[in-house]
Amino acid sequence: MVAIAIVTLIIGLLLTYVVLSRVRSMPCPIWLSWLVELDNPFTKTNRAATIIQHLGLEPGMAVLDAGCGPGRLTVPAARQVGPDGSIVAADIQSGMLRRAKDKTDAAGLTNVRFIQTALGEGKLERNKFDRALLVTVLGEIPDQESALQEIFSALKAGGILSVTEIVFDNHYQSRETVQRLAAACGFREKAFFGNRLAFTLHLERPS
């Protein structure tokens with residue numbers, strides 16, 4: 001009976017979050033971080049290894065993991081750029097940053113810096129990054145234009161922003177929506193992977 005009550009409670013909390021998140025933009029709560037860390041079994045597009053592979057990371061690169069959550073992409077990205085490279089992992093929630101830091105510490109990584117910020121607040125360095133990641137995060141941001149403009153300014157000329165969206169996410173953003181928002185900030189489309197329901201869109205800051 002106790003087990004049934006616990007499962008019922010978890011399902012109830014999950015459904016409450018789903019309903020609320022469809023009404024307003026809100027980040028994934030800390031208690032659901034375990035769900036964020038899982039690769040979606042129904043599509044390869046959102047798998048960490050696939051996203052990193054498409055990004056073409058090289059040793060020495062500087063990477064922004066925007067809305068890093070519990071560090072699902074932070075760790076493999078940090079390994080790819082190596083000790084001469086650097087990662088800035090940014091998230092609005094301190095609890096998510098703590099989980100991400102625990103992961104990087106456990107992996108022995110020393111090339112990751114953590115920043116607690118809402119994208120669009122202007123805390124990111126300008127002309128700093130070769131690559132930026134925005135994985136199922138865009139729909140959680142209230143001021144999307146300000147967030148994308150800040151990322152645009154934080155990238156070096158020729159730098160790439162990788163945006164991943166999957167329809168299973170409560171805050172799913174269509175390809176057309178991402179393209180429209182990105183174009184308004186000065187981005188141009190560089191590459192597209194996947195399909196309309198699950199995709200990664202590479203957006204370049206023109207040289």
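The values are calculated or read from the model by the stated rules, or taken from the named source; none is laboratory data. Only a predicted model underlies this, so the values are computations on that prediction, with no experimental measurement involved. Positions of Cβ are backbone-derived with ideal geometry, glycine not excepted, and every protein chain shown enters the neighbour counts.
List of remarks:
- Evaluation of Gly194 against (1) without any contact (Cβ under 8 Å) to a residue 40 or more places away in the chain; (2) farther than 19 Å from Leu64 by Cα; (3) small (Gly, Ala, Ser) (one fails), failing number: (1)
- In the range 121-136, the condition of being among the β-branched types (Val, Ile, Thr) and over 15 Å from Asp65 (Cβ atoms) is met by no residue.
- Entry remark, the range 51-77: residues being part of a helix (DSSP H, G or I), within 16 Å of Ser162 (Cα to Cα) and touching a Ser or Thr at 6+ places or on another chain (Cβ under 8 Å) number 4 in total.
- Complete set of residues in the range 156-172 that are part of a strand (DSSP E or B) and touching a strand residue (DSSP E or B) at 6+ places or on another chain (Cβ under 8 Å): Lys156, Gly158, Gly159, Ile160, Leu161, Ser162, Val163, Thr164, Glu165, Ile166
- Only one entry of Ser162, Ser146 meets the criterion of being under 14 Å from Glu204 (Cα atoms) and among the hydroxyl-bearing types (Ser, Thr, Tyr), and that entry is Ser162.
- Candidates Ala66, Ala78, filtered to the one that is under 20 Å from Asp130 (Cβ atoms), within 12 Å of the chain's Cα centre (by Cα) and either among the β-branched types (Val, Ile, Thr) or modelled with pLDDT of 95 or more (or both): Ala66
- Failed item, numbered, when Leu15 is tested on (1) in contact with a helix residue (DSSP H, G or I) (Cβ under 7 Å, 6 or more places away or on another chain); (2) modelled with pLDDT under 60; (3) in a helix (DSSP H, G or I): (1)
- Residue satisfying all of: in the range 173-207; at pLDDT 95 or above and in a loop (DSSP other than H, G, I, E, B); surrounded by the most Cβ atoms within 10 Å (Cβ to Cβ) among these: Phe187
- Search result, residues across the range 130-151 that are more than 15 Å from the chain's Cα centre (by Cα) and either without any contact (Cβ under 8 Å) to a residue 24 or more places away in the chain or under 27 Å from Pro59 (Cβ atoms) (or both): Asp130, Asp143
- Within the range 152-175, being touching a residue at least 60 places away in the same chain (Cβ under 8 Å) and among the small types (Gly, Ala, Ser) holds for Ala154, Ser162.
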